[in-house]
Amino acid sequence: MEQKPTKSFIHAIIEDDLGTNKPGTAVHTRFPPEPNGYLHIGHAKSICLNFGLAREYSGKCNLRFDDTNPTKEEVEYVQSIQEDVRWLGFDWEDREFYASDYFEKLYEFAVFLIRKGRAYVDDLNADEIRQYRGTLTEAGRESPFRGRSVDENLDLFKRMREGEFPDGSRVLRAKIDMASPNLNLRDPVMYRVLRQTHHRTGDKWCIYPMYDFAHGQSDSIEGITHSICTMEFEDHRPLYDWFLDELEIYHPRQIEFARLNLSYTLMSKRKLLKLVEEGHVTGWDDPRMPTISGLRRRGYTPEAIRDFCDRIGVAKRDSMVDIALLEHCVREDLNRRAPRVMAVIRPLRVVIENYPEDQMEELEALNNPEDPQMGIRRVPFSRAIYIEREDFMEDPPKKFFRLAPGREVRLRYAYFVRCTGVIKDEKTGEVIELRCTYDPATRGGDSPDGRKVKATLHWVSAPHALKAKVRLYEHLFVRPDPSESKEGEDFASLLNPASLEVLDPCYLEPSLEKANQGDRYQFERLGYFCVDSKDSSPEKPVFNRTVTLKDAWAKIQKG
RNA sequence: UGGGGUGUCGUCAAGCGGUAAGACACGGGCCUUUGGAGCCCGCAUUCGGAGGUUCGAAUCCUCCCACCCCAGCCA
């Protein structure tokens, strides 16, 4: 069940604004990603918040790409972002905007500030600007070019645009206060010279506005009522306010919240990019990645992700959410929706000695005990089957109640079987086959005499089995907080070597023949799996494990 | 040691002067043809610390402590 989320401090602010300050104004938010990477679960939090707020208060939410740095942005990223937002279940209708849509307007804004004597062209290079900026505890010094006349600044800025000066040679700066304790106010750079083809404007521009000179104005232009962003921008708010005031334009209300951190993974786009580039994962959509596309390929549902975002809440304090909560959300969703099926991933062959050689029968199985509406299917049974290796122990400890020599268990939807023999490899001593007998009176799994068994095993008929490759995924990192690496320690060294285990061949019940890419199933007693949307084919099916089922036995084993 | 933030259960998170919600995790029990699911019970005498105000404080005041962010021509 998706629980009703408790209202956040942002809801309180908005309701207050709606009730008093801005009667009649509808809520208008925006989700403003930079197209320099794929969206991750942290972005999902922001997406759910922004689109969710618009939904809750009958407002609108724009999708706006903050594309002010062409050196890092690509159309591939904008496409993936569009796809992911849509997949999550949100619609920006015709309100798809780009900061680059406003380049001309932003240029005019800059000229306006120059005319007002509030901006100047600086010839200092990047290194010099840094030195002049001062430190956290010492005031900065004013640039020797700070006093240029309005006309000279106008001329120089125009020529910057016209391409007269090389990259990095000059910048346009806001004239604010080099002694401000807030470094963002120490004459921040507004424009830089950058000869770089932009994914939308091409080579039209060779100067590009800084994010700080674009973001607030973009929100203002779009009439955003509540500009929701993450905490690190709290320090920038005074700067945005300064620009908006000096520009004499509409002020959105900025509200900051804490970004999401999830245990055993990373949220830094830079580090995720590194994992991709260095080949630690197969791509942005590797099922181990915390990206939306990775989670999608892993088998997560949009519903589960939205539910997760509702449950984690929104606040201002730094936090680290336990990935177990995310896993709980998918399990809960998939438990209701995923059809059950039997698959043996670490096969152990079992021959039922008293079952007739050439006999085969079809047994009825429930597609989902949680939902009778999902109906039943028939599963073939025969003399030779596969069971899970882990379901047999030759010398079981007391708490193990699966199959063991002489012991009787139930084969799900089939029969009670008793282990009568163990065949081992002569050299290695490894168990390679089991011999069992079955009780024909227990067909379907019920015993007419009322005798009980302590375990029910899943199985697959050997001659009917479908072969498939199965990938088991685990946490990407071994440490709860991989960003907290010691000095000199490469975060890549914290990768979990067991984050991917490939099992091949695995045996599936034949009903899975009709499985299509993206389809999700519960492999009984093992977990939720989905057909890989890239690598799977009818000839060679590939299943990804989304998440295991909760496993009481595993817990007992760990002690 | 400048500025901006934040500190409530193992992890998130409500609470807004009237005597600590909820979720996940964890522990126990019931039930069970998935050691799944479901159901039941338990789980902060205490809110970073110390003072103070008040009949009454997690909520107000004072001081202290801890953690996070800021010195990109990144966003």
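Tabulated values for the structure
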{"quantity": "Residue in the stretch A:321-372 that is nearest to A:T546 (Cα to Cα), counting only those that are open to solvent by 80 Å² or more (accessible area, probe 1.4 Å) and either away from RNA strand B (no atom under 15 Å from the Cβ) or without any contact (Cβ under 8 Å) to a residue 12 or more places away in the chain (or both)", "calculated": "A:P372"}
{"quantity": "Out of A:P510, A:P538, A:P505, sole residue that is in the same structural domain as A:R296 (by TED's automatic domain parsing) and open to solvent by 60 Å² or more (accessible area, probe 1.4 Å)", "calculated": "A:P538"}
{"quantity": "Residues of the stretch A:131-142 that turn out to be near RNA strand B (Cβ under 6 Å from one of its atoms) and exposed (fewer than 15 other Cβ atoms within 10 Å of the Cβ), as a count", "calculated": "3"}
{"quantity": "Which listed residue, of A:I249, A:I228, A:I224, is more than 12 Å from RNA strand B (Cβ to nearest atom), within 30 Å of A:L49 (Cβ to Cβ), more than 33 Å from the chain's Cα centre (by Cα) and at pLDDT 95 or above", "calculated": "A:I249"}
{"quantity": "Tabulated pairs, the stretch A:438-459, first closer than 15 Å to A:C419 by Cβ, second away from RNA strand B (no atom under 11 Å from the Cβ) and assigned to a loop (DSSP other than H, G, I, E, B), C-beta under 6 angstrom, 6+ apart or interchain", "calculated": "A:Y438/A:Y355"}
{"quantity": "Residue in the stretch A:109-116 that is in a helix (DSSP H, G or I), within 16 Å of RNA strand B (Cβ to nearest atom) and open to solvent by less than 40 Å² (accessible area, probe 1.4 Å) present", "calculated": "yes"}
{"quantity": "Qualifying helices (runs of 4 or more DSSP H) (wholly inside the stretch A:217-313; at least 1 residues being surrounded by fewer than 18 Cβ atoms within 10 Å (Cβ to Cβ) and free of Cβ contacts under 8 Å to residues at least 12 places away in the same chain)", "calculated": "A:237-247, A:269-277"}
{"quantity": "Residue match in the stretch A:120-130 (condition: more than 15 Å from RNA strand B (Cβ to nearest atom), open to solvent by less than 70 Å² (accessible area, probe 1.4 Å) and touching a residue at least 40 places away in the same chain (Cβ under 8 Å))", "calculated": "no"}
{"quantity": "Tally, over the stretch A:9-25, of residues that are at pLDDT below 75 and either among the hydroxyl-bearing types (S, T, Y) or within 8 Å of RNA strand B (Cβ to nearest atom) (or both)", "calculated": "2"}
{"quantity": "Residue selected from the stretch A:195-209 under the condition within 10 Å of RNA strand B (Cβ to nearest atom) and in contact with a Ser or Thr (Cβ under 7 Å, 6 or more places away or on another chain), by the criterion most open to solvent (accessible area, probe 1.4 Å)", "calculated": "A:Q196"}
{"quantity": "Within the stretch A:411-439, considering residues that are within 13 Å of RNA strand B (Cβ to nearest atom) and not aromatic (F, W, Y), the one farthest from A:S461 (Cα to Cα)", "calculated": "A:D439"}
{"quantity": "Given (1) at pLDDT 95 or above; (2) open to solvent by less than 40 Å² (accessible area, probe 1.4 Å); (3) not assigned by TED's automatic domain parsing to the domain that holds A:Q359, number of the condition A:H475 does not satisfy", "calculated": "(2)"}
{"quantity": "Among (1) more than 16 Å from RNA strand B (Cβ to nearest atom); (2) open to solvent by less than 60 Å² (accessible area, probe 1.4 Å), the one test that A:Q79 misses", "calculated": "(2)"}
{"quantity": "Residue within the stretch A:39-56 that is part of a loop (DSSP other than H, G, I, E, B) and open to solvent by less than 10 Å² (accessible area, probe 1.4 Å) present", "calculated": "yes"}
{"quantity": "In the stretch A:435-450, the residues that are within 48 Å of the chain's Cα centre (by Cα) and either open to solvent by 70 Å² or more (accessible area, probe 1.4 Å) or under 15 Å from A:L363 (Cβ atoms) (or both)", "calculated": "A:Y438, A:T442, A:R443, A:G444, A:G445, A:D446"}
{"quantity": "Filter pass, A:R173 being crowded, with 16+ Cβ neighbours inside 10 Å, more than 14 Å from RNA strand B (Cβ to nearest atom) and within 20 Å of A:K116 (Cα to Cα)", "calculated": "no"}
{"quantity": "Residue tally, condition of a type outside the set (F, W, Y) and either under 19 Å from A:D395 (Cβ atoms) or not in a loop (DSSP other than H, G, I, E, B) (or both), over the stretch A:430-454", "calculated": "16"}
{"quantity": "Positions within the stretch A:160-170 being surrounded by 15 or more Cβ atoms within 10 Å (Cβ to Cβ) and more than 9 Å from RNA strand B (Cβ to nearest atom), in sequence order", "calculated": "A:M160, A:R161, A:F165"}
{"quantity": "Residue tally, condition open to solvent by less than 40 Å² (accessible area, probe 1.4 Å) and within 10 Å of A:V453 (Cβ to Cβ), over the stretch A:412-425", "calculated": "2"}
{"quantity": "Subset of the stretch A:506-542 (residues that are under 19 Å from the mean Cα position of the chain (by Cα) and aromatic (F, W, Y))", "calculated": "A:Y528, A:F529"}
{"quantity": "Any hit, the stretch A:277-288, residues being at pLDDT 95 or above and within 16 Å of RNA strand B (Cβ to nearest atom)", "calculated": "no"}
{"quantity": "First in the stretch A:153-169 and closer than 12 Å to A:R195 by Cβ and touching a residue at least 12 places away in the same chain (Cβ under 8 Å), second anywhere and aliphatic (A, V, I, L, M) and in a loop (DSSP other than H, G, I, E, B), Cβ under 8 Å, 6 or more apart", "calculated": "A:D167/A:L194"}
{"quantity": "Criterion (modelled with pLDDT of 95 or more, within 13 Å of RNA strand B (Cβ to nearest atom) and either over 21 Å from the mean Cα position of the chain (by Cα) or buried (at least 22 other Cβ atoms within 10 Å of the Cβ) (or both)) met by exactly one of A:T71, A:T6", "calculated": "A:T71"}
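The values are calculated or read from the model by the stated rules, or taken from the named source; none is laboratory data. None of the values given here were measured: they were computed from a predicted structure. All Cβ positions, even for glycine, are placed from backbone atoms using ideal geometry, and neighbour counts span all protein chains on display. These accessible areas exclude ligands, DNA and RNA; they are computed on the full protein's heavy atoms, side chains included. Shrake-Rupley method; radii C 1.70, N 1.55, O 1.52, S 1.80 Å.
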